[in-house]
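Single-structure report; data block below.
What follows is calculated from the coordinates using simple rules that are stated; it is not laboratory data. Bear in mind the structure is a predicted one, so any value in this text is a computation, not a measurement. So basically every Cβ, Gly included, is an ideal-geometry build from the backbone, and we count neighbours across all protein chains shown.
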Amino acid sequence: MALPHRLNIVADAHIWGVKEAFSSLPGLEVSLTILEASEITHAALQQADALITRSSTQVNEQLLAGTPVRFAATATIGDDHYDKKWLGEHAITFANAAGSSTGSVLEYMLTALLELHARKLIVLPDITLGIVGAGRIGGALADICSKLHIDTLLNDPPRAKREGDDGFSELDELLNKADVLSLHTPLTRTGENKTHHLLDAERLARFKGRGIINTGRGACLDNSALLNWLDGNKNRFAVLDCWENEPGISSALLTHPQLAIATPHIAGHSLDGKAANTLFARQALCRWLGVDTQWDIEDLLPEAAQPINIHCASDIWAKLHAAATAMYSIANDDAALRGADLSPEQDIARRFASYRRHYPIRRSWSHIPLDFLHTDPASLKLARIMGMEIVRSTP
C-alpha cells in the first residue's frame with residue numbers, strides 16, 4: 001500500500017510496551033492514542049487508521065462501520081473477539097499474535113501437571129493425557145510429553161483431515177482412554193468443527209478419566225456441565241485458566257473443592273510472552289504498511305535473573321516440581337483469584353480483570369537459570385526437555 005503521510009493509531013492501554021511499540025514507525029508521522037478498553041468506542045475511532053486491541057474489545061461492524069480504520073490487530077493469541085468475516089468483506093486487514101505465547105502456556109501446563117502430581121491427584125509419568133487441539137501449543141505439549149514418557153492421545157479433526165488419520169484419535173477414544181483431558185482449541189461457534197461447548201454434559205458423562213484442564217478458550221468447556229461433572233464423583237478434578245463469561249465467572253465453580261487450580265486466563269502472561277504479543281502486532285502493522293519490521297525490544301526487558309539453587313528431593317518428579325515452582329508460582333496465581341471474599345459475582349469479575357491487568361512480572365524459564373544441586377543425569381535430562389535452563393550441576 002502507498003504510505004500515508006500521517007498514521008493515526010488507537011491502542012489499548014494495557015498492551016505491554018504499547019507506547020514504545022506504536023508511537024514511532026519507520027518513515028511515518030504517527031499519532032498514537034492510548035485508551036482503556038472501555039474507551040475504545042465507535043466515536044473514538046472517527047480519525048483512526050489502525051486499531052490495536054486486546055481480547056476485551058469486540059472488533060466488529062458495530063465498532064468499525066463508517067470509521068476510517070483499515071487495519072486491526074489483537075495483541076493476543078485468540079481472535080474470536082474479531083468478526084473476521086465482516087472485516088474481510090470490508091477490506092480491513094486483521095492480525096493476531098498466534099504463536100507468541102506458546103512457550104508461556106507450555107510452562108503453565110508443565111507446572112500444573114507437576115503440581116497435580118505433587119498433590120497426588122495424578123502420578124507422573126503414568127497417565128494418558130488426551131490433548132484436544134494439536135496446534136502450536138497442543139502439538140508442542142504432545143512432543144514434550146512423549147520425551148517425558150507420558151502417553152498422549154491427540155484429537156484435532158482439521159489436522160487429521162489435512163494430514164491423514166495417523167497419529168490422531170477420535171474424541172470418543174480420548175473420552176474412553178485418557179486419564180486427563182487438556183483443551184487447546186480455538187473457539188468456533190459454527191461449522192463442521194465447532195468447538196463451542198465441545199465438552200458438554202453428554203460428552204462429560206461419557207468421559208472415564210478423572211481430570212480436565214482448560215488453557216484453550218473458556219466456552220469450549222460447558223462450565224455448568226463441568227460443575228455437575230465434578231459433583232458426580234469426589235475423585236474428579238479440574239484446572240481452569242480459561243472460563244466461560246470472563247471476567248464474570250461462576251462463583252460456584254471457583255469455590256468448588258475439586259477445582260484444583262484456578263487462574264484468571266494468565267497462562268500466556270509471562271513478561272516475555274506479552275512482549276512477543278506486542279512484537280507480533282507491531283510486525284503485522286509494519287507488513288501492512290510495507291515498512292521495516294525490525295524493532296529491538298530487549299532494552300525494555302529486565303536483565304536475566306541470577307541462578308536459583310534447587311535443593312533436590314530424591315523423587316525425580318519432586319525435583320522438577322521444585323524447579324518449576326521456584327520459577328513460576330502457580331499457587332500465587334490461584335490464591336490471587338480465589339481471594340478472601342468471593343460472594344458477589346461482580347467482585348469476582350473485578351478481581352479477575354484487575355489481576356490480569358496488573359499481572360506481576362513472570363519471566364520465561366529460558367531467562368531463569370537453575371543450579372540443580374547434587375542431582376543425577378536423568379533429572380537434568382528431563383529438566384532440559386521441559387525447557388529449563390540449567391547452568392551448572394554439582395555432582
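Odds and ends about this structure:
- Members of the stretch 371-395 found to be farther than 21 Å from residue 150 by Cβ and out of contact with any Cys (no Cβ under 9 Å at 6 or more places or on another chain), listed by number: 371, 389, 391, 392, 393, 394, 395
- Residues in the stretch 24-57 that are part of a loop (DSSP other than H, G, I, E, B), exposed (fewer than 15 other Cβ atoms within 10 Å of the Cβ) and either without any contact (Cβ under 8 Å) to a residue 60 or more places away in the chain or among the β-branched types (Val, Ile, Thr) (or both): 24, 36, 41, 42, 46, 47.
- Within the stretch 124-133, tally of residues that are buried (at least 24 other Cβ atoms within 10 Å of the Cβ) and out of contact with any His (no Cβ under 7 Å at 6 or more places or on another chain): 2
Each row is one residue, and each column tells you yes or no for (1) acidic (Asp, Glu); (2) farther than 28 Å from residue 22 by Cα; (3) more than 25 Å from the chain's Cα centre (by Cα); (4) surrounded by fewer than 22 Cβ atoms within 10 Å (Cβ to Cβ).
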site	(1), (2), (3), (4)
264	no, no, no, no
269	no, no, no, no
278	no, no, no, no
290	no, no, yes, yes
300	no, no, no, yes
326	no, yes, no, yes
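- Selection of the stretch 197-248 for residues being acidic (Asp, Glu) and either in a helix (DSSP H, G or I) or surrounded by fewer than 19 Cβ atoms within 10 Å (Cβ to Cβ) (or both) yields 200, 202, 231, 246.
- Applying a threshold of 8 Å to beta carbon distances and a minimum spacing of six or more residues, or different chains, the list of pairs starting in the stretch 116-143 at a residue that is on the phi < 0 side of the Ramachandran plot and among the polar types (S, T, N, Q) and ending at one that is assigned to a helix (DSSP H, G or I) and surrounded by fewer than 20 Cβ atoms within 10 Å (Cβ to Cβ) reads 128/177.
- Residue that is surrounded by the most Cβ atoms within 10 Å (Cβ to Cβ) [pool: residues in the stretch 91-123 that are out of contact with any helix residue (DSSP H, G or I) (no Cβ under 8 Å at 6 or more places or on another chain) and aliphatic (A, V, I, L, M)]: 113
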